[in-house]
Amino acid sequence: MLLFVSALSPAVAQSADEQTYYPYTFIGVQGGGEITFTDYTPSKLIMPMGAFSVGHFFSPEIGARLNVSGWQNKGGIESINKTYEYNYVTTDVDFMFNLCNIFSHKKVHPINVYLIGGVGLSYAWNNDDLHNLLTQNPSVSIPYAWDDNRLVHNFRAGVQVEANLAKHWGLNLEVTANNLHDRYNSKTNGHGDWQVNAMIGLTYKFGFKKGKAKESEPKPQPVTPAPVTPVPAPQPKPEPKPEPKPEPKPAPAPAKTRIEVFFTINSATMSATEEQKVANLASWLKQHPSAQVELVGYADAGTGTAAINRTLSEKRAAAVNKALTEKYGISASRIKYSYKGDTVQPFGENDKNRVVIGLAEEK
């Protein structure tokens, strides 16, 4: 199975909402095969099966699901070397333990490994194949052959490996072992029947919890001192009072500017129009030699995976930084640049988030 990897980068506080991944709800479909281990050759008892699940992860470590699986099952009679088929459906409540999150301080991974344990009921019906064989072979005796249906327990243990394809989608491979009553397949061999399932499936995740980033505290405003009017000393003769000193003018606010360099989808190359913004910023920096500039790269969350978007936002910020230093001669010591991937969306419109935002200010 090919595993597609997605990665997530930590978010930095902004005015926009910040996405977290737990808790969330999921639904999934799977298909594969099952094999029953009994007193007949197991390789002759392989049958197709499918499954549907709906579940919820309460925390990064623990989740639960309701899983419904089944289709066809098969048994065999060794004395006449014949097999018979019947239908079944199994409903289980399974607990899922995310081993990656249990043993790692990181809570988001490109690949997750789940330990599965559950209990439920398995319902079987349509046992006509077996009864036809017994009619055709009267010498064969199977006293526990059931007629209409059979309902037994199902104990389950297994493992699932899931690769995150995108924010909402996962591809998984699951192998489980299921223990059923000894008479489930109409025969007895002194212990419970074991059924092993192997399936590949697709999971859709939704209902992610959203949290708001902390808002930055407002900067304190400078206080302008009140003017002081000098009091003249007493004189024998009245003299005109001196003119009051003019109020000191407040210091001019530091000069600053901002640019927004937009990119096309899946691109870190600037168009001529957008590069002109970088040229204008370089000209402004040369006119304000004490100014520093901070560049932050972004990518839109509506397309691509988190890993691709993180790399793309880094390349965009690096492209603007390179143009300032190599093409327009701005010292690298005056520039700081970083990237956010798709974890922060500065604009409400999805496509505008393919951007590098530059803030320059005199120090």
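All of the numbers you see were taken from the coordinates with simple rules; none came from a lab. Please read all numbers here as calculations on a predicted model, not as lab measurements. When we count neighbours, we look across all protein chains shown, and the Cβ atoms used for this are built from the backbone with ideal geometry, even at glycine.
Details
- Computed E for Glu294/His105 - FRET, C-beta separation, R0 30 angstrom, nearest 0.05: 0.55
- Across segment 126-166, the volume of the C-alpha convex hull divided among the residues equals 182 Å³ per residue.
- Charge-dipole axis of the chain as Lys and Arg at +1 and Asp and Glu at -1 on Cβ define it, positive-most pick from Thr135, Trp169, Thr257: Thr257
- If you look at the Cα atoms of segment 152-204, you get an Rg and a Dmax of 15.3, 48 Å.
- Sites counted here are chymotrypsin sites (Phe, Trp or Tyr not before Pro) in a DSSP loop (not H, G, I, E or B) having no more than 13 other Cβ atoms within 10 Å; the longest part of the chain that contains none of them is 145-363.
- Measuring r between the beta carbons of Asn137 and Trp71 and using R0 = 45 Å, the FRET efficiency lands at 0.95.
- For segment 19-206, size of Cβ-based charge dipole, Lys and Arg +1, Asp and Glu -1, in debye: 620
- Given charges at beta-carbon only (K, R positive; D, E negative), |dipole| of the chain in Debye: 1880
- Dimensions of segment 256-362 along the principal axes, based on C-alpha atoms and rounded to the nearest Å, stand at 39, 24, 21, largest first.
- Compactness check for segment 28-114: Cα Rg over 2.2 N^0.38 Å is 1.48.
- Note on segment 33-171: dipole from Cβ charges, positive end direction compared against His109, Asn81, Met49; the farthest Cα belongs to His109.
- Each residue of segment 75-115 gets 150 Å³ once the volume of the Cα convex hull is shared out per residue.
- Within the straight-line cut-off of under 20 Å between alpha carbons, the aspartates and glutamates reachable from Lys187 are Glu34, Asp39, Glu78, Glu85, Asp128, Asp129, Asp147, Asp148, sequence neighbours fewer than 8 places apart in one chain being disregarded.
- Just so you know, the Rg over Rh for the chain is 1.33, from Cα atoms, with Rh as the Kirkwood radius.
- Within the same chain, aspartates and glutamates fewer than 8 places from Lys205 are excluded, and of the rest, those with a Cα less than 13 Å from its Cα are Glu162.
- Dividing the Cα radius of gyration of segment 55-193 by its Kirkwood radius returns 1.13 for Rg/Rh.
- Point-charge dipole on Cβ atoms (K/R +1, D/E -1) for segment 256-362, about Cα centre, debye to 20: 240
- Violating pairs (Cα-Cα greater than 30 angstrom) within the set Lys286/Lys340; Lys249/Lys336; Lys44/Lys167; Lys322/Lys363; Lys277/Lys363: Lys249/Lys336; Lys44/Lys167
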